[in-house]
Each structure stands twice: as C-alpha cells, then as structure tokens.
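The values are calculated or read from the model by the stated rules, or taken from the named source; none is laboratory data. Predicted model, so just to flag it, every value in this text is computed and none were measured. Quick reminder, even Gly has a Cβ in these numbers, built from the backbone with ideal geometry, and neighbours come from all protein chains shown. The area values use the complete protein model at the heavy-atom level, side chains included, leaving out ligands, DNA and RNA. Shrake-Rupley method; radii C 1.70, N 1.55, O 1.52, S 1.80 Å.
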Amino acid sequence: MLSHVISFHRRESQQGISLVIVMIFLVILSVLGVTAIQTSTLSSRVARNEADRNLAFQSAEAALRDGELDARNLKVDLTLCVKGVGGCRAQLNDKQTYFTSACTDGRCAPAVGAAPVWETSSRWKVTGESVPYGTYTGAAQLRLVSQQPRYLLEAFQVDDKSLYRITAVGFGVSSSSQVMMQNVVVVTRQK
C-alpha cells in the first residue's frame, strides 16, 4: 500500500508572501492614482486654456465690430458721429483723407511694396498706433480681459468705393492669449 505523504509547511515560513502581494497591489494602485490625478490636472489646464482662447476670440470679434462702426463714423448706438463731439474723431473718416503711412490714430494708408501695416508688432502695443476698443464709438470697456482689444483701419480706394481692412487683436484673461482677426468692409457715403 502506498501511503500519501502530506506535508505541511510550518506557519512561520508562510507569513511573508501575503505581505509581498499586498505591497505589489499598493504600488499598482498608487501608480493608477497618480496617473488619474495627472490626467485630471492636464484636462483642467486644457479646458482653462481653451476658455481663455475663446475669450480672446470674442474680444477680437468685438474690436472688429468696433472698427466697422468707426470706419462708418457711427457710435455704438448706431447714431452718426459728429466731428469732435462725444468721443467721435476730430476728423471723420470721409474720403480717406486722414489715412497715413504712419497710422496716426489707427488710420493707415498701405505703403506700396512694404509689409502690411498689421504685421508690425509695435503697432499693437498700448503705446502703438492701434486704437483701443470703444475709443471712437463709445462702447463700454470689456471685462475679464487682460487688456482691451485694439484695431487698425487700412483704407483702399477701388473704383468709386471706399474699402477698409480692419485688423483687430483681442486678449484673454492671460496676456499671452491673443487672437488676430481681419475683415474688409465697403463703406458707401450718402451724399
């Protein structure tokens, strides 16, 4: 007869293996936890940056509309500006007379053969030639932005039509969030 030999390990030799298994699980769970926190933080940053870019976009859009009103000599309430009265320009945008290559008061005449005026970064600084939002239209200042949006008007004459290229820069909560937009409008004057 064969006898089965059953061997029992002593209890002292079995106590260490469960500790090793628990430690491995703890390391795995810690790595998963740290990864989840990093992913959540990254997602939060992406969402915050996108919201800031969207604010800069809306700020630039507002400056474009402000530039259109300025080119048409209108105030924010769509009433006609009167020369030098109530925040309107001292010299209105009639006949493109006051547009120069120096971009005085944000009114630019494109120089032949030169780079487009909006490409010069110094024009967009607070002390530059660009016009802050609401200066000539009476529009209320925008909230939440790091600085008010700005625009430039460039005058072109095509046949008997006055064309204005409006270039605007908007800012988000962070000054590093910037959006530049352009639009061309045709302005017809009533005689």
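Percent relative contact order of segment 35-128, based on C-alpha pairs within less than 8 angstrom and at least six residues apart? Don't jump to the answer; show the numbers that get you there.
Values: 45 pairs, mean separation 9.4, N = 94.
Dividing the mean separation by the residue count of segment 35-128 yields 10 percent.
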Between residue 46 and residue 143, what is the FRET efficiency for a Förster distance of 25 Å, r being their Cβ-Cβ separation, to the nearest 0.05?
0.55
Any idea what angle helix 15-71 forms with the longest principal axis of the chain, computed on alpha-carbon atoms, 0 to 90 degrees, nearest 10?
10 degrees
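Roughly how many Å² is the accessible area per residue of the chain, as a whole number, for a 1.4 Å probe? Mind showing how you got there, number by number?
Numbers: 12680 Å² over 191 residues.
With all protein chains present, the chain gives 66 Å² per residue.
Figure the gain on full extension for residue 28 and residue 97 (residue separation times 0.36 nm, minus the Cα-Cα span) and round it to one decimal in nm. List each step's numbers first, then the result.
Numbers: separation 69, 0.36 × 69 = 24.84 nm, distance 7.35 nm.
Difference between extended and current length: 17.5 nm.
Quote the convex hull volume per residue of segment 45-164, based on C-alpha atoms, as a whole number of Å³.
Values: hull volume 15.6 nm³, N = 120.
With only Cα atoms used, segment 45-164 gives 130 Å³ per residue.
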Contact order normalised by residue count of the chain, Cα under 8 Å, 6+ apart, percent:
24 percent
In this structure, the FRET efficiency calculated for residue 184 and residue 79 from their beta-carbon separation, with R0 = 35 Å, to the nearest 0.05, is 0.90
Once the mean 1/r over all distinct Cα pairs of segment 98-191 is inverted, what Kirkwood radius in angstroms do you read off?
14.2 Å
For segment 157-167, Karplus couplings with θ = phi - 60° (6.51, -1.76, 1.60), whole Hz, Gly/Pro x:
10, 10, 6, 9, 9, 9, 10, 10, 8, 9, 10
So for 154, 61, 50, what's the accessible-area order with a 1.4 Å probe, most first?
50, 61, 154
Accessible area of the chain belonging to carbon and sulfur atoms, whole % at 1.4 Å probe
60 percent
Classify segment 29-99 from the C-alpha gyration tensor, please: rounded if a/c falls under 1.5, else prolate or oblate depending on whether a/b exceeds b/c.
prolate
